[in-house]
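Heads up, the thing below is written out as structure tokens.
The values are calculated or read from the model by the stated rules, or taken from the named source; none is laboratory data. The shown structure was predicted, so the numbers you read here are calculated from the model rather than taken from an experiment. The protein model used for the area step is the full one, side chains on, heavy atoms only, and it has no ligands, DNA or RNA in it. Shrake-Rupley method; radii C 1.70, N 1.55, O 1.52, S 1.80 Å.
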Amino acid sequence: MSIYVGNLSYNVTPDDLTKVFSEYGTVSQVQLPTDRETGRARGFGFVEMESAAAEDAAIQALDGAEWMGRVMKVNKARPKEDKGSRSGGNWGKNDGGYSPRRY
């Protein structure tokens, strides 16, 4: 399981997060997504810990805590939602050879 960490400073590094979360158990992985265009951190990240007990302890202790001038939001990460295609649904598709358009 993974922990979502939100409202992070844009200056935070994976080492920073590892240090904070390692107070509650062994950190196995840290991910800080970056903006594709700017390369800047996006203000949230994910932390994986070796045990569920360590994750629960970190969530309890750090959710709502102020760190680097920001109040962190820390909770269990949810699976990424499938937002579907960006094509706008069936717009422009010709179903069954019939087109309602008149020319």
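Would the stretch 50-68 turn up any residue that is among the charged types (D, E, K, R), assigned to a loop (DSSP other than H, G, I, E, B) and modelled with pLDDT under 95?
For the stretch 50-68, residues among the charged types (D, E, K, R), assigned to a loop (DSSP other than H, G, I, E, B) and modelled with pLDDT under 95: absent.
Tell me which of these ASN75 doesn't satisfy, since it passes every other one: (1) part of a loop (DSSP other than H, G, I, E, B); (2) closer than 12 Å to VAL5 by Cα.
ASN75 satisfies all of (1) part of a loop (DSSP other than H, G, I, E, B); (2) closer than 12 Å to VAL5 by Cα except (1).
Which ones in the stretch 19-49 are open to solvent by less than 50 Å² (accessible area, probe 1.4 Å), modelled with pLDDT of 95 or more and hydrophobic (A, V, I, L, M, F, W, C)?
Matches in the stretch 19-49: VAL20, PHE21, VAL27, VAL30, LEU32, PHE44, VAL47, MET49.
May I ask you to list the residues in the stretch 1-18 that are open to solvent by 80 Å² or more (accessible area, probe 1.4 Å) and of a type in the set (Ser, Thr, Tyr)?
TYR10
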